[in-house]
Amino acid sequence: MQVEPSYEDVVSEVTAFLEERLRFAIAAGIGEERICLDPGIGFGKTVEQNFELVSRLDVLLRLGRPVLIGFSRKSSLGRVLGDQGARTGSLSASIAAAIAAYERGATILRVHDVKEHVEALTVARAIA
């Protein structure tokens, strides 16, 4: 999954995988209310695929569970800003990705710079 990612439609395929794992977890006795879904930003996906997953978050939300997005400091953020060798993303890029994910329905955000993200999300929430 991490080497040479190949998806025809990353959003549909990740959604199908998460739906399968959700059914498996419920069948194993885990209460559905205890499950959140993580599309795995940065894991086995291209820069474009990572951004498409956030852009089309509504598809994942149709599974009816909270969605976790962990875009903080990912190399995709540095690469989209023009540094093709980036190994990390900046704070401002991380906050922008978090706000975009929040506005599209993500309910859980994994971040490194908690205070800065909380402040930005507080303002975004006030505007919304």
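The values are calculated or read from the model by the stated rules, or taken from the named source; none is laboratory data. Quick caveat: nothing in here was measured; it's all calculated off a predicted structure. Reconstructed Cβ throughout: ideal geometry from the backbone, glycine too, with neighbour counts over all protein chains shown. Ligands, DNA and RNA are stripped out before the accessible areas are found, and what is left, the full protein with its side chains, is counted by its heavy atoms. Shrake-Rupley method; radii C 1.70, N 1.55, O 1.52, S 1.80 Å.
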As an exercise: evaluate Ser90 against (1) open to solvent by 20 Å² or more (accessible area, probe 1.4 Å); (2) touching a strand residue (DSSP E or B) at 6+ places or on another chain (Cβ under 7 Å) and give the number of the one condition it does not meet. (2)
If you scan region 93-112, which residues turn out to be outside any helix (DSSP H, G or I) and either in contact with a Lys or Arg (Cβ under 6 Å, 6 or more places away or on another chain) or buried (at least 16 other Cβ atoms within 10 Å of the Cβ) (or both)? Arg104, Ala106, Leu109, Val111, His112
For region 15-25, name all the residues that are out of contact with any Leu (no Cβ under 9 Å at 6 or more places or on another chain) and open to solvent by 70 Å² or more (accessible area, probe 1.4 Å). Phe17, Glu20, Arg23, Phe24
Give the residue that is most open to solvent (accessible area, probe 1.4 Å), with candidates limited to residues of region 26-61 that are over 20 Å from Tyr7 (Cα atoms) and not hydrophobic (A, V, I, L, M, F, W, C). Arg34
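Of all residues in region 24-55, count the ones that are more than 10 Å from the chain's Cα centre (by Cα) and touching a residue at least 40 places away in the same chain (Cβ under 8 Å).
So the first thing to find is which residues in region 24-55 are more than 10 Å from the chain's Cα centre (by Cα), and the list is 24-36, 43-49.
From the residues that got through so far, the ones that are touching a residue at least 40 places away in the same chain (Cβ under 8 Å) too are 36, 43-46, 49.
Total meeting the criteria: 6.
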